[in-house]
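Before any comments, here is the structure.
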Amino acid sequence: MPETILTKLTLADLREVLQLAGYRVETMTDPVASGDYLRSATGGLAFDVRPGNRLAAGDGSFIDAALVAVLQVQGELPLDLVNRWNASRRFARLQLSLPFLVLTLDVSVAGGVARDHLRAQIEIWDHLVQQLIAYLRAELPKLDGTDRATAPPAATNATSADRSVQPSAPATMQ
């Protein structure tokens, strides 16, 4: 029996795929955009799954979504550190928009994809988040000692108001 091809997504679809991959998932509501999204975490880092382009069907379905992890930067962070990450990784992008460092990955079902493809995208996301944590832990201590700032040692879930998440280990940022 051939696998069903997904040509659109719902939050329920994404919740199911995330849960089958072993993630705990909760539904959140953005008070500004008045829309629902999903929140989960991996490696102590919270991330959101935000619906993208809505379909005209009116059933709440959409064609793409963004996986987004936000870390709060305390102090300054050299753009070179962000650029080196982006130059050496595919699929996701890192953006510095002070005071936040944002990792995003777009997932699309345009043209139709198998459910396994969606699961693979989530696995790629998980690997990239783990790589980012390791990258920051390795690179931040190398920064020059001037204007050092530290991130709190504990990871916290971002609230929809402040959207801040810190890595689970102390990090120094310039």
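The values are calculated or read from the model by the stated rules, or taken from the named source; none is laboratory data. Treat the numbers as computed from the prediction; the structure is a model and nothing was measured. Here Cβ is always computed from backbone atoms with ideal geometry, including for glycine, and neighbour counts include all displayed protein chains.
Matching residues to (1) on the phi > 0 side of the Ramachandran plot; (2) modelled with pLDDT under 50; (3) surrounded by 15 or more Cβ atoms within 10 Å (Cβ to Cβ):
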| residue | (1), (2), (3) |
| --- | --- |
| Leu105 | no, no, yes |
| Gly112 | yes, no, no |
| His127 | no, no, no |
| Ala134 | no, no, no |
| Ala138 | no, no, no |
| Pro141 | no, no, no |
| Pro153 | no, yes, no |
| Asp162 | no, yes, no |
| Met173 | no, yes, yes |
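Screening Ala110 against (1) under 17 Å from Glu139 (Cβ atoms); (2) in a loop (DSSP other than H, G, I, E, B); (3) not aromatic (Phe, Trp, Tyr) leaves a single unmet condition, (1). Could you please find all residues in segment 14-30 being in contact (Cβ under 8 Å) with a residue 24 or more places away in the chain and more than 14 Å from Asp126 (Cβ to Cβ)? Answer for segment 14-30, where residues must be in contact (Cβ under 8 Å) with a residue 24 or more places away in the chain and more than 14 Å from Asp126 (Cβ to Cβ): Leu14, Met28, Thr29, Asp30. Restricting attention to segment 38-62 and to residues that are without any contact (Cβ under 8 Å) to a residue 60 or more places away in the chain, in contact with a helix residue (DSSP H, G or I) (Cβ under 9 Å, 6 or more places away or on another chain) and among the small types (Gly, Ala, Ser), the residue that is nearest to Thr7 (Cα to Cα) turns out to be Ser61. Taken together, the residues in segment 31-65 that are over 16 Å from Gln121 (Cβ atoms) and surrounded by 13 or more Cβ atoms within 10 Å (Cβ to Cβ) amount to 13. Per the listing Ser88, Ser40, the residue uniquely over 15 Å from the mean Cα position of the chain (by Cα) and of a type in the set (Ser, Thr, Tyr) is Ser88.
For Asp116, the requirement of being modelled with pLDDT under 95, surrounded by fewer than 19 Cβ atoms within 10 Å (Cβ to Cβ), among the acidic types (Asp, Glu) and not in a loop (DSSP other than H, G, I, E, B) is met.
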